[in-house]
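*Asks:* Structure in structure tokens, see below.
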Amino acid sequence: MRNRFGKIFFGFFISQLLVLILSLVYQQSITLLSYVNISFYIASILLFTSLIVFTVNSGFFDAISYSFRTVFAGKEEKKKSFTEMTPLSELVTINANPLFLVGLLDFIVMLATLYVYYL
């Protein structure tokens with residue numbers, strides 16, 4: 001439990017540091033608007049990546065990858081049993097929850113700074 005919160009806090013810290021560095025590189029200053037813009041991109045990338053990993057882990061693409069393997073398999077591989085093929089959901093073993101939580105935290109902070117910007 002403690003390790004999980006450590007990973008999430010570390011990911012959140014790294015993403016905020018990345019926002020500040022990218023803001024300095026591209027805007028040459030750290031303004032509230034540049035922070036909102038860059039944190040939106042980073043939060044969106046993290047959320048999108050976590051949703052893709054979650055979809056792959058759920059087994060949604062197993063039938064598609066199985067079909068492609070059978071169609072494009074060589075003659076030697078066709079002799080093998082197709083039950084020996086590992087499904088795509090078992091090959092991708094990344095946990096999507098920390099990515100999702102870091103992206104969600106970044107998005108919430110971005111919305112809070114956007115609210116402050118429009119006050």
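*Asks:* Counting only Cα, what are the radius of gyration and maximum Cα-Cα distance Dmax of the stretch 2-117, in Å?
*Replies:* Computed over the Cα atoms of the stretch 2-117, radius of gyration and Dmax are 20.1, 64 Å.
*Asks:* Per DSSP helix of 4 or more residues, -39500 (n - 2.57); summed, then divided by the residues of the chain. What does that give at 222 nm, rounded to the nearest 500?
*Replies:* Working: 6 runs with 92 residues, N = 119.
Calculated at 222 nm, the ellipticity per residue is -25500 deg cm²/dmol.
*Asks:* Note the full-extension length gain between F5 and Y41 as 0.36 nm times their separation in residues minus their Cα-Cα distance, in nm to one decimal.
*Replies:* 10.6 nm
*Asks:* Nearest 10 degrees, 0 to 90: what angle lies between the long axis of helix 62-71 and the longest principal axis of the chain (Cα atoms)?
*Replies:* With rounding to tens, the tilt is 50 degrees.
Readers should treat all values here as calculations from the given coordinates under stated rules, not as data from a laboratory. Everything numeric in this text was worked out from a predicted model, so none of it was measured.
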